[in-house]
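Engineer: One structure is given below, represented as structure tokens, and several questions about it will come after.
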Amino acid sequence: MTASTIMVVEDDDATREFLADNLLADSYSVVTAASGRQALNLLEVRECDLLLLDVVLPDASGFELCRRLRAADGIAQRIDPELPVIMLSGRTSETDRVRGFARGADDYVPKPFHYPELAARISAVLRRARGRRERGVIQIGELRIDPSSREVRMADRKVELSAKEFALLHALARDPVRVFTKEELLRDVWGFQLMGSTRTLDSHASRVRRKLVPATGGRRWIVNVWGVGYRLTDPDS
């Protein structure tokens, strides 16, 4: 198995070197960054499996960096919005931990930390991430969705989707005739806590629908159930 690559984003030189040395000793590949800007630049050119992210950085908050990561579309910025994130912080209040999870962190580790515990948490987060990637292919009529490769095909035609478009399609495909409410989809796909007046869901659903519809017509995809939400397809198609 190829070694997982971990990016350490930490502005304190001693802490960054300590983490890098121990991760290398544990057979991980390591990429380091001392600022938020450097981390984002590296993420566009280096494929990583997990991000160890300090909350206090010289040019950005780790909370904001995590939010920007989750908002990435996966294409224009070439950053994986589902990259696992473990936050490291001297801020140990419940409010800060909740803020970290709300911004999309997978785990939150207070400083000072014991490296063996952090190593166990890294292993657990990577194991969960691999499990998500290895879930089986979904086949619904001519539509085939492969979560591991993030490939979507309509019969013999490959369908190109952005990261958020894929996440929306995959969420609907888990139960293709069930109506998912807009609140559910905005929470699960975009991480929104409140629906507000955003049109993000509707615009993404419209784009996915256009990409899935074959030239010859046929089965309806991404069905808008007015006043409620969306389902992937009609139950009797």
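The values are calculated or read from the model by the stated rules, or taken from the named source; none is laboratory data. Just so it is clear, the model here is predicted, and its values are computed rather than measured. Neighbour counts run over all protein chains shown; Cβ positions are idealised from the backbone, glycine included. Keep in mind that these areas ignore ligands, DNA and RNA; they rest on the heavy atoms of the full protein, side chains included. Shrake-Rupley method; radii C 1.70, N 1.55, O 1.52, S 1.80 Å.
Engineer: Name the strands (runs of 3 or more DSSP E) wholly within the stretch 126-200 that hold at least 3 residues that are open to solvent by less than 50 Å² (accessible area, probe 1.4 Å) and either at pLDDT 85 or above or at negative phi (or both)?
Structural biologist: On the way: elements: 138-140, 143-146, 151-154, 157-159.
The qualifying strands (runs of 3 or more DSSP E) are 143-146.
Engineer: Within the stretch 1-25, can you find the residues that are more than 17 Å from Ser61 (Cβ to Cβ) and of a type in the set (D, E, K, R)?
Structural biologist: Within the stretch 1-25, Asp13, Arg16, Glu17, Asp21 meet the criteria.
Engineer: Of the residues Val56, Val45, which is modelled with pLDDT under 90 and among the hydrophobic types (A, V, I, L, M, F, W, C)?
Structural biologist: On the way: Val56 fails: modelled with pLDDT under 90.
Sole residue among the options that is modelled with pLDDT under 90 and among the hydrophobic types (A, V, I, L, M, F, W, C): Val45.
Engineer: Follow-up question, since we're still on this one. What tally of residues in the stretch 172-194 results from selecting those that are hydrophobic (A, V, I, L, M, F, W, C) and farther than 17 Å from Pro235 by Cα? Before you say what the answer is, go through the steps one by one.
Structural biologist: Going residue by residue through the stretch 172-194, those that are hydrophobic (A, V, I, L, M, F, W, C) are 172-173, 177, 179-180, 185-186, 189-190, 192, 194.
Subset that is farther than 17 Å from Pro235 by Cα: 185-186, 189-190, 192, 194.
Qualifying residue count for the region: 6.
Engineer: Give the residue, chosen from Asp106, Asp96, that is over 13 Å from the mean Cα position of the chain (by Cα), modelled with pLDDT of 85 or more and either within 16 Å of Asp11 (Cα to Cα) or surrounded by 14 or more Cβ atoms within 10 Å (Cβ to Cβ) (or both).
Structural biologist: Details: Asp106 fails: over 13 Å from the mean Cα position of the chain (by Cα).
Among Asp106, Asp96, only Asp96 is over 13 Å from the mean Cα position of the chain (by Cα), modelled with pLDDT of 85 or more and either within 16 Å of Asp11 (Cα to Cα) or surrounded by 14 or more Cβ atoms within 10 Å (Cβ to Cβ) (or both).
Engineer: Considering each of Leu40, Leu24 in turn, give the residue that is without any contact (Cβ under 8 Å) to a residue 12 or more places away in the chain, hydrophobic (A, V, I, L, M, F, W, C) and surrounded by fewer than 20 Cβ atoms within 10 Å (Cβ to Cβ).
Structural biologist: The unique qualifying residue is Leu24.
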